[in-house]
Every structure is written in C-alpha cells, then in structure tokens.
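These notes concern the structure reproduced below.
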Amino acid sequence: MTVNRRTLLGAVATAPVWGALPFRSARAQAANTIRIGVLNDQSGLYRDISGPGSTQAVRLAVQESGITQRGVNVEVVEADHQNRPDVGSTVVRQWIDRDGIDVVVDVPTSSVALAVNTLVREKNKVFINSGAATSDLTGAQCSPNTIHWTYDTYNLAKGTGGAMVRAGGQTWFFITADYAFGHALERDTTAFVTAAGGRVLGGVRTPFPGTTDFSSFLQQAQRSRAQVIGLANAGGDTINSIKQAAEFRITRGGRTKLAGLLVFVTDIHSLGLEVAQGLVLTETFYWDLNDRTRAFTQRVGAMPGNLRPSMVQAGCYSGVLHYLKAVADMGVAAAKASGAEAVNRMKAMPTSDDAFGEGSIRADGRKLHPAYLFEVKTPEESKGAWDYYKLISTIPANEAFRPLNEGGCALVRS
Amino acid sequence: MEDLLFELQLALPQVILGVINGSFYALLSLGLAVIFGMLNVINFAHGAQFMMGAFVAWLLLSYLGIGYWPALILSPLIVGFVGVLMERLMISRLYKLDHLYGLLLTFGCALVIEGLFRNTFGSSGQRYTTPPEFRALDLELADFFLPGYRVWVLIAASAVCLGTWLVIEKTKIGSYLRAATERPQLVQAFGINVPLMMTLTYAAGVALAAFAGVLAAPIYSVHPAMGANFIITVFAVVVIGGMGSIMGAVVTGFLLGFVQGITDVFYPEASQTVVFVIMAIVLLTRPAGLFGRA
C-alpha cells in the first residue's frame with residue numbers, strides 16, 4: 001500500500017499524546033505568581049492513586065496556606081506523563097522554559113520521577129515527589145532541589161517485611177514482577193525478613209507486563225508451605241494476585257498470610273473486603289487514622305470516581321502546603337530565584353499538617369513521618385464505607401526510613 | 001526418573017489451569033479469526049470489546065441488579081450491537097482498502113473506548129463477585145484446589161467454540177458466509193444480502209469477545225486495560241493457528257494455554273515469551289500457520 005501524508009497525519013492524531021496545554025500567562029503579574037505543575041498519570045493504572053485527585057489536593061493546600069490573602073498569586077496546572085520518562089521530561093522542560101513553573105509535584109512511576117529529578121535540578125526549580133517509589137531519589141540520585149515526600153521502597157519493605165516477621169510470619173515466598181521495581185522490592189524485603197530472623201523459602205518471577213493469571217504461581221507458593229506470600233508487584237498485578245488468592249482459597253485456615261508490598265487504599269476499595277481481608281500492608285497515610293486525617297479527608301472532599309484520598313494525594317497536599325509556608329517565610333522573589341534555596345528553607349522548617357501530623361525533612365531530601373502497618377479488615381469488622389484497615393503497629397518516623405548515612409547521597413556530609 | 005515423575009505430578013494441576021486459561025485465548029482468537037476470515041479486517045478493537053463485555057456485565061449487576069446468568073446473554077448482545085454500529089458507520093467503508101487501514105481504524109477505536117472507560121470508571125478496576133452457585137463445582141484433590149468457576153469457564157468456552165465451528169462449517173448460513181468470503185459478487189447475485197451478512201458476522205465476532213469478557217469478570221478485576229493485557233498474546237495465537245482459520249484459532253488457543261501452564265512451573269520468567277518463540281518457529285517453518293492454507 002502507499003502511505004500518504006493524510007494517512008500519516010491520521011495515525012499521529014490517534015496516538016494518545018495529550019500534552020500539557022499552555023495556560024494563560026499574564027506576564028505583568030509573573031514576579032508575584034507562584035506556579036505549580038502537577039505531573040502524574042491521568043490515563044493509566046496510577047490514575048486513581050494520583051491523577052486529578054492530586055491536583056484537587058494541591059488546590060486545597062493553596063487555599064489553606066492563606067498565601068493568596070497576602071497578595072501572592074498561585075496558579076496550578078496539571079499534565080499527564082503517561083508513565084513515560086520522555087513524555088514527562090518534555091512536559092517539565094516546557095513548563096519551566098516556557099510557562100515559568102516554579103515547582104513540580106507528584107510524579108508517580110520511578111523512571112519518570114528520576115528523569116524529572118535531573119531536569120528540575122538542572123533548572124534550579126523545586127521537585128516535591130509524592131507518587132514514586134524508588135528510594136534512589138534520596139540515595140544515589142539525591143538532589144538539592146528534590147524532596148521525596150510520602151513513601152519509598154525501603155520504607156515499604158521495612159514496614160511490611162520487618163514487622164511481619166516480628167508478628168510471626170517467619171517463612172516467606174515471593175511472587176515478584178520480573179523487572180527492576182519488583183526485583184528491588186524483593187531484595188529490600190528479603191534483607192529485612194532475614195535481619196529479623198525470618199527465612200525466604202523461594203519465589204517466582206512473573207513476566208511484566210502481560211501476566212493476568214497468577215493462580216499457578218499462588219499454588220506454587222502454597223506448596224512451599226511458607227507462612228507469608230510476599231507480593232513484590234504493583235497495580236493490576238497485585239489486584240489480580242489478591243483476587244485469585246481468594247478464589248483459590250490460598251489463605252484459608254489462617255496458615256498463610258498475604259503481604260502486599262505496594263498496595264494503596266484504592267486497590268482495597270477495588271478488590272472489596274471479601275477478597276482482600278487479612279492482607280497486610282504499609283502506608284504512611286490512611287484517611288481514618290485519627291481526627292486530623294479525618295478532618296483533612298472531609299476538607300479535600302471526594303476524589304474523582306468518588307474515592308477517598310490515597311497517601312500519594314495526601315502527600316501532594318502536605319508537600320505543597322509546606323512549600324507555600326517556606327515561600328511566605330522567605331518571600332516570593334527569593335523562592336522563585338532559586339529552587340535549591342526554597343528547598344533549604346523547607347528543610348529548615350518543621351512540617352505540620354493534618355494528613356501526616358508533625359514531621360521534618362532530612363538533608364538528603366527525605367520527608368520523615370511515621371509509617372503504619374495495617375491489616376485489611378474482614379467484612380464483619382468493617383463498620384461502613386471505606387472502613388478498611390486496622391492498625392497493627394506504628395513505625396516511628398526515625399525508624400520508618402533508611403538511615404541517613406546508608407543511602408549514598410552526596411548531600412550528606414559524614 | 002523418580003524426580004521427574006514427582007515434578008510431573010506437581011505440574012498436572014498447573015497444566016489444567018493452563019488449559020483453562022487457554023479457554024480465553026481460544027474464545028478471543030476465535031472471534032478474531034471469524035472477523036478476519038469473513039471481513040478481512042484485523043480487529044484491533046477486540047481487546048476493548050472484551051473489556052466492554054466485562055464492564056457491561058458489571059454495569060448490569062450494579063445499576064440494574066441483573067445477575068451473572070442473564071448478563072452472559074445480554075452483555076454479548078449489547079456489545080454486539082455496538083459492533084453493528086462500528087461496522088456500519090466506520091469499518092464497512094474500508095473493505096476495499098488494504099488491511100492496514102482496518103487495523104489502524106480499529107486500533108484507534110480501541111484507544112478511544114479504553115480512554116472513555118478510564119475517564120468514567122477510573123483505572124483501579126471494579127469487582128464482580130463469583131456467583132455462589134459455582135461452589136458446587138469446586139474440586140479438591142489432595143493438595144490441589146480447583147475453584148468450580150474455572151471448571152465452568154472451561155465447559156462454557158469449549159461449548160461456544162464448538163458451536164461456532166459447527167455453525168460456520170456445517171450449516172447453510174455458514175456455507176453462505178464462506179462463499180461470500182471467496183466470491184462476494186457471485187453470492188450477492190444469488191440474492192443473498194452480503195453487506196448485512198458482513199455486519200452480522202462482525203457483530204458475532206464482537207459478541208464472542210464480550211462473552212469472554214463476562215466469563216473473565218469474576219476472575220480478573222474489571223478494569224479498562226484488561227483487554228489490552230490479553231490482546232497481544234491472542235494475536236500471536238491467531239498467527240500461530242493461521243489467520244482466519246476457525247479450527248486453528250480454537251485448537252491453538254487451548255494448546256498455548258497448555259504450554260504456558262507447563263512453562264509456569266518450570267521457568268515462569270518465560271511464560272509470556274514462550275508464545276512468541278512458538279510464533280517465530282511456526283512462521284519460519286509454516287508461514288501460513290499450523291492450520292492455515294498457504
């Protein structure tokens with residue numbers, strides 16, 4: 001066949017590239033305007049944990065910071081990175097070079113986050129990451145312009161791995177997504193399991209993406225007689241694993257427990273308690289944790305799709321609120337002039353908000369707050385809509401994350 | 001030797017599971033083969049139509065209280081009707097052109113449909129509970145537990161595949177269809193409404209995808225990308241079986257499920273790759289596919 005110009009244009013038009021639309025720029029007010037860009041997954045599997053809900057949380061932070069009453073303009077824009085580093089980099093480059101964005105927020109998907117991390121540092125702006133898991137953001141690739149807010153792989157592995165062994169889960173079997181993220185999560189969790197006196201009996205690596213049926217792997221795990229099946233995967237893989245574990249009654253009799261190493265409250269909502277009950281997981285925010293988190297959830301309102309906020313969305317709120325406090329403290333001009341200076345000011349100030357309580361930011365850019373080990377309730381235990389977790393243990397802020405000197409961050413002077 | 005026997009004994013349940021998963025490959029590739037065989041269209045929207053089947057079942061249940069059994073019939077009918085609209089409004093305009101145009105069009109449709117569902121229902125998926133009556137079919141053999149619903153999937157998929165094959169190969173309507181594929185003008189000259197037949201064939205292929213979607217709803221989470229996860233493997237199945245071969249699609253679907261089941265036990269890392277390795281070997285040795293006519 002012949003391919004003419006029209007066909008090509010048609011093909012290009014169908015490609016799912018909806019870049020960031022430029023917003024109205026009022027140059028006259030530019031000096032007194034803080035511009036926040038929320039970059040995340042608006043169309044793929046992380047849409048529900050981040051997506052438009054993160055923007056909604058950021059808008060609440062802007063409103064509650066009270067900075068607009070002091071005559072400072074704040075503009076919030078959002079874009080979809082489609083979980084692709086090239087798309088993410090292009091958007092951020094445009095945002096900074098053309099649209100004058102001062103701070104980039106959220107950015108789930110580790111590969112995109114690392115790309116944005118480099119770019120924001122190069123341009124001396126601010127990067128508040130809430131959505132990505134990789135602990136490299138505050139380790140080998142740490143940056144004076146980046147704060148990693150909500151959680152990371154080390155924190156999840158320590159929470160779920162270490163605490164579960166202490167709770168009696170001595171022997172483990174891993175079902176691991178066969179790519180860098182899954183391997184890292186398995187490796188980190190194994191370290192905590194063995195350090196706490198547990199043993200790993202075996203594991204399978206499942207092809208990623210494309211695995212839809214986990215029943216065969218679950219049965220292999222069951223045959224190993226391990227007490228804990230660790231799910232070192234994410235998103236749809238985790239949901240299918242948990243769903244099929246219930247279907248094949250893997251956890252019946254209470255001999256085996258499932259440990260989700262990266263599970264969000266929206267995943268539990270999607271699965272339902274009938275299926276997800278008994279699952280153990282780590283999060284740093286849960287809407288029903290205490291009066292302050294409930295108050296925050298009330299104020300932020302229902303997330304798109306009538307969901308409750310995830311820890312990633314709560315992290316976007318908390319991060320932007322703190323950034324705007326630093327801006328109010330140091331002045332708009334100084335904050336806009338140097339992202340690194342703004343981040344330094346943020347590190348110098350203690351954090352406080354309803355979503356995460358009191359906290360602080362470490363030299364390597366790691367935001368510190370407690371982490372919580374939860375078990376998913378049974379349908380009988382649940383008292384109403386979204387009553388999903390019971391707290392098993394709290395990991396204090398100073399133990400929840402990787403020790404400062406172990407990350408290999410160049411910003412840390414030993 | 002004893003070790004090997006022991007391993008094989010362990011592998012047996014996995015092989016059964018593999019064949020059951022093969023049911024989905026068989027149903028989906030059957031629909032693709034029907035559409036390609038009759039219309040010469042490579043239907044890239046098949047995954048999206050599978051997903052719509054599951055979603056319609058979920059919508060029927062959560063908004064109208066219509067349960068699994070009626071959904072098994074209603075959902076393919078509803079999604080089949082969407083197929084009629086797609087064929088009439090868009091695909092029928094491309095019959096005279098190269099395959100590539102149909103492929104691009106249906107691929108575009110798939111992206112749009114998935115996007116619409118994602119925007120409306122979010123990305124993390126909806127739950128569809130397995131109807132409790134299937135517990136009666138639960139199989140428990142020593143260490144091995146097979147949920148009754150999986151047994152049902154195997155039965156239902158085999159029956160539908162066999163039925164479709166019989167209709168196409170053994171009935172009068174089937175013979176018209178096959179004739180219309182070879183010589184449409186001639187068949188039309190005998191007074192048979194060929195365009196209508198094409199439309200209904202497309203709708204039937206789409207309905208098969210939707211039927212597979214309803215079957216899949218209780219097993220997998222009902223989410224917008226559920227079809228996209230399947231479709232690449234299913235295309236490999238069609239290629240291995242021979243493009244457009246009904247028998248080839250069904251047999252290859254079950255066969256590859258079986259092969260994946262074995263791979264899951266001995267080398268799980270390769271359980272996706274193995275399909276494409278087989279595809280490469282088949283293409284090198286029998287370019288028309290296992291059951292295709294060159």
Lys and Arg at +1, Asp and Glu at -1: add these up for the other residues within a Cβ distance under 15 Å of A:ALA302 and post the number. +2
So if I average 1/r over every pair of distinct C-alpha atoms in region A:135-265 and take the inverse, what Kirkwood radius in Å does that give? 15.0 Å
Amide proton proximity set for A:ILE34, modelled H, under 5 Å, gap of 5+: A:ASN73, A:VAL74, A:GLU75
Less than 11 Å Cβ to Cβ from A:ALA184, Lys/Arg counted +1 and Asp/Glu -1: what total charge do the surrounding residues give? -3
Of the peptides A:152-159, A:48-55, how do they stack up when ordered by the mean number of other Cβ atoms within 10 Å, highest first? A:48-55, A:152-159
Trypsin sites (Lys or Arg not before Pro) restricted to region A:193-288 and DSSP loop, no more than 15 other C-beta within 10 Å: A:ARG225, A:ARG249, A:ARG255
For a quick check: with amide H placed at 1.01 Å from N, whose amide H comes under 5 Å from A:HIS81's, ignoring anything fewer than 5 positions away on the same chain? A:ASN40, A:ASP41, A:GLN42
Take the alpha carbon gyration tensor of chain B, find the square roots of its eigenvalues, order them as a ≥ b ≥ c, and report rounded if a/c is under 1.5; if not, report prolate when a/b exceeds b/c, else oblate. oblate
Helix B:68-89 versus the longest principal axis of chain B: what is the Cα-based angle in degrees, 0 to 90, to the nearest 10? 40 degrees
Just need log10 I(q)/I(0) for region B:12-159 at q = 0.09, 0.10, 0.20 Å⁻¹, Debye formula, equal scatterers on the alpha-carbon atoms, no solvent, rounded to two decimals. -0.36, -0.45, -1.32
With each label point set 7 Å from Cα along the Cα-Cβ vector, what nm distance links A:ALA196 and B:ILE232? 3.5 nm
Relative contact order of region B:112-182 (C-alpha contacts under 8 Å, at least 6 apart) in percent is 15 percent
By counting other Cβ atoms within 10 Å of each Cβ, how are A:LEU218, B:LEU208, B:LEU61 ranked from fewest to most? B:LEU61, A:LEU218, B:LEU208
Can you give the mean number of other chain Cβ atoms that lie within 10 Å of the Cβ atoms in peptide B:265-272? 6
All alpha-carbon distances of region A:328-414, grouped into 5 Å bins from 0, give the whole-percent distribution 3, 12, 15, 15, 16, 12, 9, 7, 6, 3, 1, 0
Ranking A:ARG93, A:ARG98 by Cβ neighbours within 10 Å, fewest first, what do you get? A:ARG98, A:ARG93
As an exercise, use a Förster radius of 41 Å and the Cβ-Cβ distance of A:ALA302 and A:ARG413 to find the FRET efficiency, rounded to the nearest 0.05. 0.35
For chain B, what's the relative contact order in percent, using C-alpha pairs closer than 8 Å and at least 6 residues apart? 38 percent
Collect residues whose amide H, placed 1.01 Å from N in the peptide plane, falls under 5 Å from the amide H of B:ILE66; neighbours closer than 5 in sequence don't count. B:LEU61
Output ³J(HN,Hα) for region B:51-66: one whole-Hz value per residue in order, computed from phi by the Karplus curve 6.51 cos²θ - 1.76 cosθ + 1.60 with θ = phi - 60°, and x for Gly and Pro. 4, 4, x, 5, 5, 4, 4, 5, 4, 4, 6, 7, 9, 10, x, 8
Enter the per residue convex hull volume of region A:266-368, computed from alpha-carbon coordinates, in Å³ rounded to the nearest integer. 122 Å³
Listed with the fewest Cβ neighbours within 10 Å leading, A:THR68, A:THR150 appear as A:THR68, A:THR150
For region B:50-118, just run the numbers: alpha carbon Rg, then divide by 2.2 N^0.38 Å, N being how many residues it has. 1.31
For region A:275-290, Karplus couplings with θ = phi - 60° (6.51, -1.76, 1.60), whole Hz, Gly/Pro x: 8, 8, 3, x, 5, 10, 7, 10, 9, 9, 9, 9, 4, 9, 6, 7
Taking 51 Å as R0, compute the FRET efficiency from the Cβ-Cβ separation of A:ASN73 and B:LEU116 and round it to 0.05. 0.90
Mean separation of Cα contacts under 8 Å, 6 or more apart, over the residue count of region A:86-222: relative contact order %: 17 percent
When you count, for each residue, the other Cβ atoms within 10 Å and take the mean per peptide, how do A:206-213, A:392-399 rank with the highest first? A:206-213, A:392-399
Hey, what number do you get for the protein assembly as shown at 222 nm if only DSSP H runs of n ≥ 4 count, each worth -39500 (n - 2.57), divided across all residues, to the nearest 500? -17000 deg cm²/dmol
When Cβ neighbours within 10 Å are restricted to other protein chains, what is their mean count per residue of peptide A:231-240? 3
What stretch of chain B, leaving out the sites themselves, is the longest with no trypsin sites (Lys or Arg not before Pro) in a DSSP loop having at most 14 other Cβ atoms within 10 Å? B:97-292
In a shell of Cβ-Cβ distance under 10 Å around A:TYR151, excluding A:TYR151 itself, what net charge do Lys and Arg (+1) and Asp and Glu (-1) give? -1
Could you work out, residue by residue across A:204-212, how many beta carbons of other chains sit within 10 Å of that residue's beta carbon, and then give the average as an integer? 6
Tell me the Rg and the Dmax, in Å, that the Cα atoms of the protein assembly as shown produce. 27.0, 90
For region B:95-253, compute Rg over Rh where Rg is the Cα radius of gyration and Rh is the Kirkwood radius from the inverse mean 1/r over Cα pairs. 1.03
Would you mind computing, in nm to one decimal, how far apart the modelled labels at B:MET90 and B:VAL167 are, each placed 7 Å from Cα along Cα→Cβ? 2.3 nm
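Only the coordinates and a few stated rules stand behind these numbers; no lab work does. This is a predicted model, so every value here is computed, not measured. When we count neighbours, we look across all protein chains shown, and the Cβ atoms used for this are built from the backbone with ideal geometry, even at glycine.
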